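K.L.:
Before we start, here is the structure in question, set down as structure tokens.
Here, each number is a calculation from the coordinates, and none is a lab measurement. Values in this document were obtained by computation on a predicted structure and should not be read as measured data. Heads up, the Cβs are rebuilt from the backbone with ideal geometry, glycines too, and the neighbour counts pull from every protein chain shown.
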Amino acid sequence: MAQQKNPNDRHSGRGAKVGSNSIRNLVEIDRRRDPGRRDPALHDHPGSHKRWITIRLHELYSRALRDEAETELGHGEDLYRTARREILERLARRSDESHARDLVSALCSLLESANARGVSAAREDVAELAFQQLPRVLAMYTYREGQDMVRAVASTFRNIAGRRAT
């Protein structure tokens with residue numbers, strides 16, 4: 001009888017699979033390329049639960065990138081580019097301000113992980129986020145969560161692009 005692996009075992013190194021079965025199921029549910037073919041199970045959940053799943057999923061992608069692990073989106077730069085694009089697409093659609101703040105935080109985490117792994121695009125992408133994308137996001141909302149978004153992006157910008165010489 002073949003020994004069954006525990007899905008919660010920690011793996012590291014390129015090609016390792018990340019997450020528990022429940023996270024893998026979230027990935028399968030949420031990653032359908034054709035929105036018309038999305039899993040009906042996800043549609044049965046209220047909006048706040050879908051938003052929570054989305055944030056957890058992007059946290060998983062950031063961890064996978066940092067740990068050089070494989071996901072359905074790939075690994076390394078492929079994972080970074082795809083996850084970044086998906087977060088930006090979600091940010092471009094108005095939802096609630098706290099979800100936008102969480103998405104910005106997830107994007108900052110993804111950028112930090114990409115930078116730690118030597119993804120060269122991270123430096124340019126953080127500048128684009130700070131000076132082009134974030135102002136558009138902030139314009140969609142009132143100012144309740146804006147300071148947190150600006151603070152997160154500024155910190156990430158400092159960490160990746162460095163401080164400006166005075």
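K.L.:
How many residues does the range 106-136 contain that are surrounded by fewer than 21 Cβ atoms within 10 Å (Cβ to Cβ), hydroxyl-bearing (Ser, Thr, Tyr) and either in a helix (DSSP H, G or I) or in contact with a Pro (Cβ under 8 Å, 6 or more places away or on another chain) (or both)?
P.N.:
1
K.L.:
So, in the range 87-121, how many residues would count as being farther than 18 Å from residue 73 by Cβ, among the aliphatic types (A, V, I, L, M) and within 11 Å of the chain's Cα centre (by Cα)?
P.N.:
Summing the residues that are farther than 18 Å from residue 73 by Cβ, among the aliphatic types (A, V, I, L, M) and within 11 Å of the chain's Cα centre (by Cα) in the range 87-121 gives 1.
Residue by residue, here is whether (1) over 18 Å from residue 61 (Cβ atoms); (2) touching a residue at least 24 places away in the same chain (Cβ under 8 Å) holds:
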site: 93; (1), (2): yes, no
site: 103; (1), (2): no, yes
site: 112; (1), (2): no, yes
site: 120; (1), (2): yes, no
site: 123; (1), (2): yes, yes
site: 137; (1), (2): yes, yes
site: 153; (1), (2): yes, yes
site: 159; (1), (2): yes, yes
